[in-house]
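Below: one structure, written as C-alpha cells.
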Amino acid sequence: MQRRGVLGAASLLAVLVTLGFAPARAQQEPIVFGLITPLSPPGETALGQLAKRGAELGVDYINEKGGVLGRKVALSVHDSAGKNEQGVAAYRRLVSSEKAVAVFGFIHSGVNIAVNEVAKEMGVPTMGTQTGASDVTAKKYDIAFRTHAVDAPRAAAWLGWIQKNKWKRISVIAETTDYGIGLAKETEKQNKDKNLGLEIQTIMFDRTTTDLLPQLLQVKAFKPDAIVNIGVGQPLDLIITQAHTTGLLPGAQMVTSYDAPARPQFWQLHGDKGVGINFIAFYSPKSELSDLGKEFAKRYQAKFNEPPVYAALNGFANAIVFAEAIKTANSTEPKAMIKALEEGSFTGWSTSPLTFPRAEGPLWHNWSPPLMVLRYATKDQTPATAEVAYVLGQ
Amino acid sequence: MIFSTELLVQTVLSGLMVGVLYALMALGITFIYSIVKTINWAMGEFYMIGSYIQFVAVHYVLGARWWWLAAIISAAGTFLIGLILEPILIKPMYARPMQRRDDYATVVTIALLLLLRSLAVALGGPNQYRPESDLPVVWIGPLPQEGARVAAFVCALLALGIFWVVIKKTWVGLALRAAAQNRLAVQTSGVDVYRLDAIAFAIGVALAGLSGALLAPLFMVFPTNGAVTTVKGFEIIVIGGLGSIPGALIGGLLLGLVESLGAAFVSSPYQNVYGFLLVILVLIIRPNGLFGERGREA
C-alpha cells in the first residue's frame, strides 16, 4: 500500500513537470554571467580581484534596475590562476553545466586566446576585460569581444612618450607569453615602420624565472635611456627591484606595460624605489567619466573605501554591456547577442561609447580605452595624484 | 648579447650567489631523504611558510633592523611545524607495516602541499608582500648586490656551516648519520628512530623555512613562491647526488652558474632549460649524481 502511494506521488510529480511546472521555474532562474579571472598565483591576482569587484557591482546594479528580460542576473566566478588550461576548463563548465550566456573577466591574453578556441565551437561570447595581445580578437571569431587596448596603441603610447623625451636607446625586457612576445614585436615593428630611429635591445625571459639579474646586467651593459618593463605580476615587481640593485634605476627611466603600479600594494612592495616609475594607464581619476561611470565610482568608493581603478571599471562595464546586448536582442541566444553587440552602441564608464565593429586585424570587436603614461614623482602617490607624462594622440 | 670581461665576472658572481641560496633548499630535501627515506614534495610550502613568518615578523612586529631575528624565528617556526607534522603524517609509514611506502609518502606530502598553499591563500590572500629591508647595496668586485641578498648569502653559508658541525660533531648528528646508514642497527642499539625521524624532518623543513625567510625581501612573499625553488632543489639533488651534503652545495653552485651564464650569454628565455640540460648531462655521465653513492640492495 505504502509502495503504491510513493509510486502515485512520483507519477503526479512527473505529470506536473511535463505540464510545464519546470519551465515556469526555469523562467525564474537567473541569467548566468561567467567571470573567468586570475584569483590565485601565478596569475595577476590583484587585477583579477579588481575585475571581480567591478563585475559584482555591475551585476548588483543590473538587478537593482529590475534585471534583464524580467530575470535576475547571477555572476559565477571561476579562478583561472593565469593558466590557459584552467581557464578553458572553467569556460566549459560555465557553458555546459551552469548555462552561462556570457563570459568575461579575462586578464591574461593566453587564457583569453585559449578560451576563444573552445568558445568558437561552443558559441557563448567572451569579452577580454584587460587582455592586450592581438590574437584575442585578430582571429576574427564571432564570439570574441574585448574592451582593452591592443598591442599597437599600447606600443605607440610608450614610443610616443620616448620620442617626446628625445631618448634613443631603449631596452625592452619582456616575458615569453602571448602578451610579452606580441608587445615586444609590435614595439620593434613600429620603430621600423615609423622610422623612429631608436636603438632597441629586446630581452625575453621565462615568467617562472625567480632571478632576473643576468638579464638586467645585459640591459645595464647596453646603457639604455629608457626601459620598457613587459612583465606581468611578480616578474614586473622583480624587474623594478633588481633594476635598482644593478644601478639601472633611478638613472634610466622605466615604464611598465600596464597599470600594475595603480594597485594599492605597490608602495608596500617598493617603498622609495617606486618613485620615478612610469606606467601605462587607461584611466586616471582625472579622466572624465560617463554618468554611469560616476555612479559606479560612487558605489565603489562607498564599498571599498578607495577610488576605482581601470580593471574594476572594465569589469563593471563588461557586465553592463552584456546585459544591454541581451535587452536589445530580447534573447540570451548567443547569435542574437553577438548581432546586438556588433550593431549597438553602449554606455560604459567612459564618455566614449562602447562599440564593437567588425573591423580589421586586432581591432575586430574591440573597444579601446584612452591611453596615457602616468608617473609617480613622489612616494605614496596614487593614480589620482600621479603626473600625466604623456597622452596618446595629444 | 653583449660580452665583456666585467659582464662575465658579474654574471659568474651573480650565479654563485644565487647558487648558495638554491643549495640551502636542496640540503633540506636531501637531508630528509637520507634519514627518513622520503621525498618531501611539500618542501616549497615550508619555504613559503618561512617567508610569510619573516614578513609578519618584520612588517608588523620587529621592523627592518631586526630581520636576522625574524629569520631565526622563521626557521624555529618551521622547525616546530615540522616537529608537529612528522608524527602525524610520516611516522605511520614506519610505525605500521606498509607496502608501497614511497607511494604513501608521495600522496601524503603532495596533499600537504595543496593544504598549505590553500591555507596561505585563505589567510594572506593571493597578493604579493615584501618584508622591509634597510640593508644598503653592497659591491662585490664589479657586481652591485642588494644588501638583503648578501645577507642571505652569508646567512646561508653560516647555516650550512652550523648544519655541518651538528651533523659531524654532536651526538644527535652521529645518531642521524647512523640512521641514514642503517635504521635497523640504530633501532637495535636502543635509539628511538621515530624521534630521530621527527628531528630530521624538522631540521630539513627548517632549512627550507630559513631559505624562504632570507629570500623574502628579494623574491617576495606569495602563496606559490616556493614552487620554483622546490624544482631547483630537486634538480640540485639529482646533480649532486641524493643524500649527499657536499653534493647539495656543489650542485647548487653549478646550477646557479649554468643558469646565469646561459641567460646572459646564450639565450635568456631558456634560463630554466639550462638547469635541466645539466641534469641530463650528469645523469648520462654519473647516474647517481656527482657525489651520490651507488645504492645497495639486499
**Request:** Report the residues of region A:67-107 in range of a label on A:Gln28: point 7 Å along Cα→C-beta, backbone N strictly under 19 Å from it.
**Result:** A:67-75
**Item:** Separation in nanometres of the label points that stand 7 Å from Cα toward Cβ, at B:Lys169 and A:Glu295
**Value:** 7.5
**Item:** Helical mean residue ellipticity (222 nm; -39500 (n - 2.57) per DSSP H run of 4+; nearest 500) of chain A
**Value:** -14000 deg cm²/dmol
**Prompt:** For chain B, what relative contact order do you get, as a whole percent, if you take Cα pairs closer than 8 Å and at least 6 residues apart?
**Reply:** 37
**chymotrypsin sites (Phe, Trp or Tyr not before Pro) restricted to DSSP loop in region B:1-97 with at most 12 other C-beta within 10 Å** = B:Phe3
**Cα-centre dipole for region A:194-249 with unit charges at Cβ (Lys and Arg positive, Asp and Glu negative), debye to 20** = 120
**Prompt:** Across region A:298-304, in residue order, what do the Karplus-derived ³J(HN,Hα) couplings come to in whole Hz, using 6.51 cos²θ - 1.76 cosθ + 1.60 with θ = phi - 60° and x for Gly and Pro?
**Reply:** 5, 5, 5, 4, 5, 7, 10
**Fill in**
Residue span A:Glu98 to A:Thr378: 0.36 nm per residue of separation minus Cα-Cα distance leaves a gain in nm of 96.0 nm
**Cα-based convex hull, region A:153-228, per residue volume (Å³, whole number)** = 78
**Message:** Which aspartates and glutamates, if any, have their Cα less than 15 Å from the Cα of B:Lys37, not counting same-chain residues under 8 positions apart?
**Reply:** B:Glu86, B:Asp102, B:Asp103, B:Asp197, B:Glu293, B:Glu297
**Sequence of A:Asp79, A:Asp135 from largest to smallest accessible area, 1.4 Å probe** = A:Asp135, A:Asp79
**Asked** Of all the Cα-Cα pairs you can form in the protein assembly as shown, what percent are over 43 Å apart?
**Response** 33
**Prompt:** Under a GNM of chain A (C-alpha, springs under 10 Å), which listed residue has the highest mean-square fluctuation: A:Ala329, A:Ala221, A:Ala133?
**Reply:** A:Ala221
**Message:** Two decimals, Cα atoms only, Kirkwood Rh: what is Rg/Rh over region B:103-161?
**Reply:** 1.20
**Fill in**
dims of region B:95-235, Cα set, principal axes, largest to smallest, nearest Å -> 54, 39, 25
**Complete:** Given a Förster distance of 45 Å, the FRET efficiency implied by the Cβ-Cβ spacing of A:Gln265 and B:Gln187, rounded to the nearest 0.05, works out to 0.30
**Request:** Starting from the exponent 0.38 and prefactor 2.2 Å, build the expected Rg for region A:233-379 from its residue count and divide its actual Cα Rg by it.
**Result:** 1.28
**Message:** Once R0 is set to 41 Å, what does the formula 1/(1 + (r/R0)^6) return for the Cβ-Cβ distance between A:Leu69 and B:Ala122, expressed as a FRET efficiency to the nearest 0.05?
**Reply:** 0.65
**Message:** One quarter of the convex hull surface, Cα atoms only: what value does that give for region B:151-298 in nm²?
**Reply:** 10.8
**Complete:** Farthest towards the positive end of the dipole of chain A, among A:Val150, A:Leu69, A:Leu269 and with Cβ unit charges of +1 on Lys and Arg and -1 on Asp and Glu, lies the Cα of A:Leu69
**Asked** Among the trypsin sites (Lys or Arg not before Pro) within region B:73-148, which fall in a DSSP loop and have no more than 14 other Cβ atoms within 10 Å of their own Cβ?
**Response** B:Arg100
**Item:** Sequence-separation-based contact order of region A:97-203, relative, with Cα cut under 8 Å and 6+ spacing, percent
**Value:** 23
**Item:** Under-5 Å amide H pairs with A:Ile203, H placed in peptide plane, nonlocal only
**Value:** A:Val172, A:Ile173, A:Ala174
**Message:** In whole Hz and in residue order, list the ³J(HN,Hα) couplings for region B:202-208 that follow from phi through the Karplus curve 6.51 cos²θ - 1.76 cosθ + 1.60, θ = phi - 60°; x for Gly and Pro.
**Reply:** 5, 5, x, 6, 5, 5, 5
**Message:** Between B:Trp66 and A:Lys189, what's the calculated FRET efficiency when r is the beta-carbon distance and R0 is 60 Å? Round to 0.05.
**Reply:** 0.70
**Request:** Quote the charge dipole size of chain B about the Cα centre in Debye, to the nearest 20; the model charges only the Cβ of Lys and Arg (+1) and of Asp and Glu (-1).
**Result:** 700
**Request:** Compare the Cα positions of A:Ile31, A:Trp349, A:Pro41 along the charge dipole of chain A (+1 at Cβ of Lys, Arg; -1 at Cβ of Asp, Glu; about the Cα centre) and return the one farthest towards the positive end.
**Result:** A:Ile31
**Item:** Cα-based equivalent ellipsoid, chain B: semi-axes from gyration tensor eigenvalues, Å
**Value:** 31, 24, 18
**Message:** Given a 1.4 angstrom probe, what's the average accessible area per residue across region B:166-298, in square angstrom?
**Reply:** 44
**Request:** Taking amide H positions as placed in the peptide plane 1.01 Å from N, state which residues far from A:Thr256 in sequence (5 or more) or on other chains have amide H under 5 Å from it.
**Result:** A:Asn229, A:Asn278, A:Phe279, A:Ile280
**Message:** In whole Hz and in residue order, list the ³J(HN,Hα) couplings for region B:21-29 that follow from phi through the Karplus curve 6.51 cos²θ - 1.76 cosθ + 1.60, θ = phi - 60°; x for Gly and Pro.
**Reply:** 5, 4, 4, 4, 5, 5, 4, x, 5
**Message:** From the mean inverse distance of alpha carbon pairs (Kirkwood) and the Cα radius of gyration, derive Rg over Rh for chain A.
**Reply:** 1.05
**Prompt:** Looking at region A:21-105, which GluC sites (Glu not before Pro) are DSSP coil and have at most 15 other C-beta atoms within 10 Å of their C-beta?
**Reply:** A:Glu98
**Request:** Using the charge dipole of the protein assembly as shown (Lys, Arg: +1 at Cβ; Asp, Glu: -1 at Cβ; taken about the Cα centre), state which of A:Thr137, B:Ile39, A:Ser96 has its Cα farthest towards the positive end.
**Result:** B:Ile39
**Request:** Per DSSP H run of at least 4 residues, take -39500 (n - 2.57); add these up for chain B, divide by its residues and hand me the 222 nm value, nearest 500 deg cm²/dmol.
**Result:** -24500 deg cm²/dmol
**Request:** Any aspartates and glutamates with Cα under 13 Å of the A:Lys298 Cα? List them, leaving off those in the same chain fewer than 8 positions away.
**Result:** A:Glu306
**Fill in**
Taking a crude spin-label model, label points 7 Å out from Cα along the C-beta direction, the B:Ile2 to B:Ser267 distance in nm is 2.3
**Request:** Output the pairs from A:Lys52/A:Lys220; B:Lys91/B:Lys168; A:Lys139/A:Lys273 with a Cα-Cα distance over 31 Å in this structure; if there are none, say none.
**Result:** A:Lys52/A:Lys220; A:Lys139/A:Lys273
**the protein assembly as shown - charge dipole about Cα centre, Lys and Arg +1 at Cβ, Asp and Glu -1, debye rounded to 20** = 900
**Request:** Run the numbers on region A:334-378 and let me know its relative contact order in percent, using alpha-carbon pairs under 8 Å that are six or more apart.
**Result:** 24
**Request:** Sorted from largest down, give the three principal axis spans of the alpha carbons of region A:91-165, whole angstrom values.
**Result:** 54, 19, 16
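The values are calculated or read from the model by the stated rules, or taken from the named source; none is laboratory data. In this text, all values refer to a predicted model and were calculated from it rather than measured experimentally. Methodologically, a virtual Cβ is constructed for each residue, glycine included, from the backbone with ideal geometry; neighbour enumeration extends over all protein chains shown. These accessible areas exclude ligands, DNA and RNA; they are computed on the full protein's heavy atoms, side chains included. Shrake-Rupley method; radii C 1.70, N 1.55, O 1.52, S 1.80 Å.
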